[in-house]
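Colleague: Attaching a single structure in structure tokens format; questions to follow.
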Amino acid sequence: MAEELSKLTGLLYEMGLLKRYKRTGWLVAGVRDPESIADHSFRTAIIASVIAALEGADPERAAFMSLFHDTQETRITDIPYVGKRYLKAAPNEEVTADQVAGVPRSVAEMVSDAVGEYEEKTSLEAVCARDADKLECLIQAVEYREQGHQNVRPWIDSSLAALRTPSAKRLADEALGTGSLEWLSRALGGDRDA
């Protein structure tokens, strides 16, 4: 049990790297200090729960998968799409298996099951989680564009093209037509119906 506890603690420290590792695609777009992988995963989980609720899926499961969808990047990093053309990374399920090797079985199964379901893309919750990943990227691109970064259109276009659920597509259309701070003026104005 001491060995399992030691490995589990190591896994928790390893997951902390996601707070420091930056999303590299945004560096390609010219964003000097892009969001971290953990920043992305947090909002992806929120979006996944929303999409799942709208689609009649289990919001908790979709959000849970989203928390683990990029955890492999502690070991393989966030390879930008242009790099993926030249590099062949290990499958996420294989990286996850290495990450959870030696931790308590219940934890290893929990994490591996979440990653496996996400990668299989068959459950409605996995589809919602994958849509959330793309929708979060689109929303982040809109925010970066509002900050003056003009090279984000490819991220918007590729994210839109990847969406599968009607709810994610409607949310994307709304996000593209809404300023990222419009919610603030409504909140400050006390407009509860808008």
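The values are calculated or read from the model by the stated rules, or taken from the named source; none is laboratory data. Because the structure is a prediction, the values reported are computed rather than measured. Positions of Cβ are backbone-derived with ideal geometry, glycine not excepted, and every protein chain shown enters the neighbour counts. In case anyone asks, the SASA skips ligands and DNA or RNA and just uses the protein heavy atoms, side chains included. Shrake-Rupley method; radii C 1.70, N 1.55, O 1.52, S 1.80 Å.
Colleague: So Val115 fits all but one of (1) touching a Leu at 6+ places or on another chain (Cβ under 9 Å); (2) at pLDDT 95 or above; (3) open to solvent by less than 80 Å² (accessible area, probe 1.4 Å); what number is the exception?
Modeller: For Val115, the failing item is (1).
Colleague: Quick check on the range 156-194: of everything there that is within 14 Å of Val142 (Cβ to Cβ) and not in a helix (DSSP H, G or I), which residue is most open to solvent (accessible area, probe 1.4 Å)?
Modeller: Applying the filter and picking the extreme gives Leu181.
Residues checked against (1) of a type in the set (A, V, I, L, M, F, W, C); (2) over 25 Å from Thr165 (Cα atoms); (3) outside any loop (DSSP other than H, G, I, E, B):
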site: Val82; (1), (2), (3): yes, yes, yes
site: Leu87; (1), (2), (3): yes, yes, no
site: Ser106; (1), (2), (3): no, yes, yes
site: Asp113; (1), (2), (3): no, no, yes
site: Glu117; (1), (2), (3): no, no, yes
site: Asp131; (1), (2), (3): no, no, yes
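Colleague: Moving on. Give Thr96, Thr122 a once-over and let me know the one that is assigned to a helix (DSSP H, G or I), polar (S, T, N, Q), within 18 Å of the chain's Cα centre (by Cα) and closer than 16 Å to His69 by Cβ.
Modeller: That would be Thr96, the only listed residue that is assigned to a helix (DSSP H, G or I), polar (S, T, N, Q), within 18 Å of the chain's Cα centre (by Cα) and closer than 16 Å to His69 by Cβ.
Colleague: Say whether the condition of being exposed (fewer than 13 other Cβ atoms within 10 Å of the Cβ), free of Cβ contacts under 8 Å to residues at least 24 places away in the same chain and closer than 25 Å to Arg164 by Cβ is met by at least one residue in the range 1-15.
Modeller: no
Colleague: Just to check your reading of the model, which residue among Arg32, Arg43 is without any contact (Cβ under 8 Å) to a residue 12 or more places away in the chain and open to solvent by 30 Å² or more (accessible area, probe 1.4 Å)?
Modeller: Among Arg32, Arg43, only Arg32 is without any contact (Cβ under 8 Å) to a residue 12 or more places away in the chain and open to solvent by 30 Å² or more (accessible area, probe 1.4 Å).
Colleague: Considering every residue within the range 148-155, establish whether at least one is surrounded by fewer than 12 Cβ atoms within 10 Å (Cβ to Cβ) and under 27 Å from Ala57 (Cα atoms).
Modeller: No; the residues of the range 148-155 include none that is surrounded by fewer than 12 Cβ atoms within 10 Å (Cβ to Cβ) and under 27 Å from Ala57 (Cα atoms).
Colleague: May I ask you to list the residues in the range 1-42 that are of a type in the set (Phe, Trp, Tyr) and touching a helix residue (DSSP H, G or I) at 6+ places or on another chain (Cβ under 9 Å)?
Modeller: Within the range 1-42, Tyr21, Trp26, Phe42 qualify.
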